[in-house]
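This report concerns only the one structure given below.
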Amino acid sequence: MKDKNKVLKKLHRAVAEAIESFAMIEEGDKIMVCLSGGKDSYTLLDMLLHFQRVAPINFRIVAVNLDQKQPGFPEEVLPTYLTNLGVDYRIVEKNTYRVVMDKTPEGKTTCSLCSRLRRGTLYEAAIDLGCNKIALGHHRNDILETFFLNFFFAGKMETMPPKFKNDAGNLIVLRPLAFCKESDIQAYAQEMQFPIIPCNLCGSQENLQRKKVKQMIATWETDFPDRSSVMMNALQNVHPSHLLDSTLFDFKKLAISKQVFCMED
């Protein structure tokens, strides 16, 4: 119990910092919490239920799972868990698994297409449920890995933002676990004995570039402890004038100010 309380305090502190830093939750919000059945989304729901109880404002929560019709998916696990928890929930059924498997060439990763289909379906569900915000379970490690994936393989400097507006402009997407360490989430999930549902798509492919980046960061963390915290701080400490993007900083207008000097006899 001591270890559980310790990691729980760390998670509460990290989530509270994210909520405050990025003004994530406001009075009257109805937040759709995306629940996949993995450790991250269970922890996300648990954290938001806690802050719903203790926050000085009122907001509603509805948990939503997208049943993608993956073979062997245990359909009863999440409804049973959420019913026992007393949480309002919806199960959205859509056979995106078949689409992904049909459209993805052999040997290619499924993540990109799967993510697009899942995202569109969840956005539709949020609007149907009258939600104005969606909460996703991405954590600090996901954010750092995405930064390096874009940096090394896509030629751009960007990552998962903690808060953004969807393209249609009718939903705000939140990542309340943005400052949470994956190791803390893992430890908490084990203590809580969440009924984890494995994914047959996202995490099951051994040739993913993300896995290689994850290992790279883990090696850095071993050689130089707390490097992940330093990198996370760097993402919040950006100086456009010290980069090379002329759309963020007008280098063409950069000039030395002309000064007039008066010399006395």
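Scan segment 150-174 for residues that are outside any loop (DSSP other than H, G, I, E, B) and crowded, with 17+ Cβ neighbours inside 10 Å and report the count.
Qualifying residue count, segment 150-174: 4.
Here is the figure for segment 82-99: residues that are at pLDDT 95 or above, closer than 18 Å to Met32 by Cα and not in a strand (DSSP E or B) total 6.
Can you go through Leu144, Leu177 and tell me which one is in a helix (DSSP H, G or I), hydrophobic (A, V, I, L, M, F, W, C) and crowded, with 18+ Cβ neighbours inside 10 Å?
Numbers: Leu177 fails: in a helix (DSSP H, G or I).
Being in a helix (DSSP H, G or I), hydrophobic (A, V, I, L, M, F, W, C) and crowded, with 18+ Cβ neighbours inside 10 Å holds for just one of Leu144, Leu177, which is Leu144.
Looking across segment 216-240, the residues that are part of a helix (DSSP H, G or I) and surrounded by fewer than 10 Cβ atoms within 10 Å (Cβ to Cβ) come down to Thr222, Asp223, Asn233.
The values are calculated or read from the model by the stated rules, or taken from the named source; none is laboratory data. Just so you know, these numbers come straight off a predicted model, no measurement behind them. Every residue, glycine as well, gets a Cβ built from its backbone with ideal geometry; the counts of neighbours run over all protein chains shown.
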